[in-house]
Amino acid sequence: MLKIQVGHSYFLRYDRKQWERGKPYPPLATIQIAALLRRMGHELSLFDAMLSDGVEDYMPAFQQAAPGLVVFYEDNFNFLTKMCLGRMRDAACRMIAEAQAAGARVIVAGSDASDQPEPFLAAGADVVLVGEGIAALTALVERLERDPDIDDDAWTAGLPGVATIVDGVVRRGHVGPRPPDPRVVGQPAWDLLDIERYRDFWRERHGYFSLNMAASRGCPFRCNWCAKPIWGNHYNQRTAQDVAAEMTWLKRTYAPDHIWMADDIFGFRADWVSEFAQHLHDEDGSVPFTIQTRADLASERMCTALAKAGCAEAWIGAESGSQRVLDRMTKGTRVPELIGARRRLGAHGIRVGFFIQLGYIGEQLDDLLATRELVADAAPDDIGVSVSYPLPGTTFFEEVKAQLGDKTHWDDSADLAMMFRGAYDSDFYRSFRDLLHDQVTLRQGVINSTAEAALCKRWDALIASERAHRSEQPTLPSSMAMQSVALPFV
């Protein structure tokens, strides 16, 4: 039996936007891995960075647990972890160095480490898992249990899907995207969490308590800006009965008022959601929940099933109101589908949020105004707005990587900095974002002609200033690049 500490590096306090938003969720993938390792017979402890005061809390937790092996396994269900934020990487590297200096072996896994293992290995990690890494992780743990003094070369010998340093050079075994590992099953190690700390935080900030679940892993769709270093385009869905049983257990054990379904795509098929709803009804296990979905999945039958199951809110990756931009993203949805999905969900009493993305390659002012029109016509209950963010492994990244300088990641989720040459500068997109948010907020309240007139003036002022914010040489879509070679930029 090994003494293993499992942890992660997403500190809510290091992301000012998310700290102000105040909606922390337990690290779901991290506690799934803790449960897996415990089923293998090992003694587990957890360092949960989410509500920690800072990285200075790590060493006391390490000393109390006294592990021989530390596994920093980032939460693959947390989209903020997938963004590979710079402050979280810095925190991870500091904790890695501290654990290594204290004599523990260190394994690291996550989106950022899969994309760029070098800084984590340089900080002192013995091994970086590439992708989900369950097969490699279990093999490493079994080898270490058999021989606690095994040297690093023998420890990792012949294992695919790991990155190590050999003679000062990073050696990375590529395995390609793999389906979600079937060994990650059963109930996560909820008991390792300080649930009451989460409950107190939520109730102080919002007056209710929310927990998270996941009914599936992965996403089969192929938006060309979406990074998928963990599961690629694979998608694995649990049985409806299993997911309903977990929700029922959470309801009876921790009494959350709400659940965030952390799936990239929840439900997928209306018959699965209908079965899920029936199991919840039979066990009185339903808790109001929020999902992420796509407009082209929100059929009338799907919306009916979601409402029966207790879905309170659905977030749709709308991205843009311009069909031209959606097609360049290979999004696979049509603008009318976005409006139709919003109306169908709303008719069933389900709140709707739109994720909006500004600044994609080739987007121009008329595309941005089409997005403003979409938000006005569809009238979502809420929106989340970002600028296009290139991450390794995506078609989008390959098109703009030559422009990326020292800044290849945002420091935190409020950064909203353009890292390639879009049509406009970062300030223009930030102003556009703020006006979109104000437009949605205005629609939620009592109609106020004075406020509407003021908002219109702000829109007019921003649009009038757009020439001053234009990039001199914006990135063009690859399909347009050859056409532009011989032409002067206007």
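The values are calculated or read from the model by the stated rules, or taken from the named source; none is laboratory data. Note that the coordinates shown come from a computational prediction; the quantities given were computed from them, not determined experimentally. Cβ: placed from backbone, ideal geometry, glycine included. Neighbour counts: every protein chain shown. What goes into the accessible areas is simple: the full protein's heavy atoms, side chains included, and nothing from ligands, DNA or RNA. Shrake-Rupley method; radii C 1.70, N 1.55, O 1.52, S 1.80 Å.
Here are some notes:
- The set of residues in the stretch 312-345 being closer than 23 Å to Ala215 by Cα and out of contact with any Cys (no Cβ under 9 Å at 6 or more places or on another chain) consists of Ala312, Glu313, Trp315, Ile316, Ala318, Arg342.
- The stretch 243-264, subset more than 24 Å from Arg203 (Cα to Cα) and at pLDDT 95 or above, residue surrounded by the fewest Cβ atoms within 10 Å (Cβ to Cβ): Ala245
- For the stretch 103-124, the set of residues classified as open to solvent by less than 30 Å² (accessible area, probe 1.4 Å) and acidic (Asp, Glu) consists of Asp112 only.
- Elements of type strands (runs of 3 or more DSSP E) in the stretch 1-84, at least 1 residues being open to solvent by 10 Å² or more (accessible area, probe 1.4 Å): 3-7, 43-47
- Within the stretch 131-157, if we keep just the residues that are open to solvent by 20 Å² or more (accessible area, probe 1.4 Å) and touching a Gly at 6+ places or on another chain (Cβ under 8 Å), the residue that is modelled with the lowest pLDDT turns out to be Ala135.
- Answer residue from the stretch 396-423, given it is more than 25 Å from Leu12 (Cβ to Cβ), out of contact with any Phe, Trp or Tyr (no Cβ under 7 Å at 6 or more places or on another chain) and loosely packed, with under 15 Cβ neighbours inside 10 Å and is modelled with the highest pLDDT among those: Glu398
Conditions tested, residue by residue: (1) open to solvent by less than 70 Å² (accessible area, probe 1.4 Å); (2) within 20 Å of the chain's Cα centre (by Cα); (3) among the acidic types (Asp, Glu); (4) modelled with pLDDT of 95 or more.
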| position | (1), (2), (3), (4) |
| --- | --- |
| Glu98 | yes, no, yes, yes |
| Ala101 | no, no, no, yes |
| Leu159 | yes, no, no, no |
| Val185 | no, no, no, no |
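- The helices (runs of 4 or more DSSP H) falling completely within the stretch 316-388 that include 3 or more residues that are over 24 Å from the mean Cα position of the chain (by Cα) and within 23 Å of Ile463 (Cα to Cα) map to 365-378.
- Residue in the stretch 296-304 that is over 25 Å from Tyr208 (Cα atoms) and of a type in the set (S, T, N, Q) present: yes
- Residue check for Pro380: at pLDDT 95 or above and out of contact with any helix residue (DSSP H, G or I) (no Cβ under 9 Å at 6 or more places or on another chain): no
- Taking residues in the stretch 143-156 that are in contact (Cβ under 8 Å) with a residue 60 or more places away in the chain, and partners anywhere that are in a helix (DSSP H, G or I), the pairs with Cβ atoms closer than 9 Å and at least 6 places apart or on different chains are Leu144/Trp155.
- Test: residue in the stretch 216-239 that is assigned to a helix (DSSP H, G or I), open to solvent by 50 Å² or more (accessible area, probe 1.4 Å) and without any contact (Cβ under 8 Å) to a residue 12 or more places away in the chain: no
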